[in-house]
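Here, each number is a calculation from the coordinates, and none is a lab measurement. Quick caveat, the model's predicted, so the values are computed rather than measured. Cβ sites come from the backbone with ideal geometry, for glycine too, and all protein chains shown count toward neighbours.
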Amino acid sequence: MFVDKITGNVCIVNFRISEPLTVFLTKEKKMSKIEPCLELQEAIEKFVGYGVKIVTPEVAVMKDKRLEYGSSGGTAYFDQIRVFYKEQSLMKEWQWRDRYSASNDRYDLAVHDIGAVNVDETDGKVKVEVEIINNKYGNRQAIFTFEKTEISRPRLSAQEQESFKNKVKAEVERIMKAHYNRWENRCHLNLIRCPAYKEPLLSQEKIWAEYGIAAFVIVEQIDHAASDPQMRHLLYLLTAQQPVAEMKSENHGYVKAEGGSMLAIIDLQPDGLLISSKAGKSLIKL
């Protein structure tokens, strides 16, 4: 539930899967209904249950979160706000818990809820201003700006999406098998060091089937200096146009000496794939 600061209406999201995604506005005991446009409805259907708030027939917002792990342990916490404009979406995130030290935590950046949402359309752009609620440290604003022009990224048919999902599954299995075979060969070459080596692991997988884009991360151990293992994260990218997945980025490090390795997929954005590693955030062009 939230209050539109322009109209004063109280907005309640109704998310019954068997019914159209709808927001009801209540004011002076009168009911009116906002139906999302087709493009928006298709964009938010996958987020049923996430508390999506529909602001206008073309704009919706939601709160989300993610955790970030590394091979040396510890967990970083991020709160996210995602805004939809028709079929487009933009996401911003704030890290409020540090992976290594509680002294670096930023509880003032935590997102406890979404407050008022203001939509302004001028000069061919749609600006969405979202009030971020922080119950202890006060509220703040985040602004998301969209171009009103239609996005050019092609969409796959339902049949093509199913075919692409099967392609992704086959590629993940093929590449994981290759990594596992290398791990076994390493064990045969050095039986003494073998018990210390960790098996390869699929740590993350994201599929945007409607666009024919998928990415996944594999973690493996590649070295061992005394009692300090060296770990490596590998990012693979696969599109509907590619015959096989391509390795696009890697991050490695000794666990004790360098804090291990870390690489995570954050989001698919209009201009590429946003990832995070020990070096910070970067964009992988598609």
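Starting from the alpha-carbon convex hull of segment 45-179, give the projected area averaged over all orientations, in nm².
Numbers: hull surface 47.0 nm².
About 11.8 nm², averaged over all directions.
State the percent of C-alpha pairs, over all pairs in segment 108-147, separated by a distance greater than 16 angstrom.
Looking at segment 108-147, the distances longer than 16 Å represent 41 percent of pairs.
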*HN-Hα J couplings of segment 109-122 from phi, Karplus 6.51/-1.76/1.60, θ = phi - 60°, integer Hz, Gly and Pro as x?*
8, 5, 10, 8, 6, 9, x, 5, 10, 10, 10, 10, 10, 8
*Taking the alpha-carbon centroid of each part, what is the distance from segment 65-88 to segment 245-286 in angstrom?*
13 Å
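Which length gain, in nm to one decimal place, applies between Asn166 and Asp223 when the Cα-Cα distance is subtracted from 0.36 nm times their residue separation? Working shown, then result.
Details: separation 57, 0.36 × 57 = 20.52 nm, distance 3.32 nm.
This chain segment gains 17.2 nm when fully extended.
What is the calculated FRET efficiency for Arg140 to Ala257, with r their C-beta to C-beta distance and R₀ = 51 Å, to the nearest 0.05? Don't skip to the end; give the middle numbers.
Numbers: r = 38 Å, r/R0 = 0.75.
Calculated transfer efficiency: 0.85.
Given Lys177/Lys206; Lys167/Lys248; Lys125/Lys165; Lys206/Lys248; Lys125/Lys206; Lys53/Lys248, which pairs have Cα atoms separated by over 24 Å? Let's see the in-between values first.
Details: Lys177/Lys206 19 Å; Lys167/Lys248 18 Å; Lys125/Lys165 34 Å; Lys206/Lys248 15 Å; Lys125/Lys206 29 Å; Lys53/Lys248 35 Å.
Beyond 24 Å: Lys125/Lys165; Lys125/Lys206; Lys53/Lys248.
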*Please state, to two decimals, what the Cα-based radius of gyration of segment 158-284 comes to when divided by 2.2 N^0.38 Å (N = residues).*
1.16
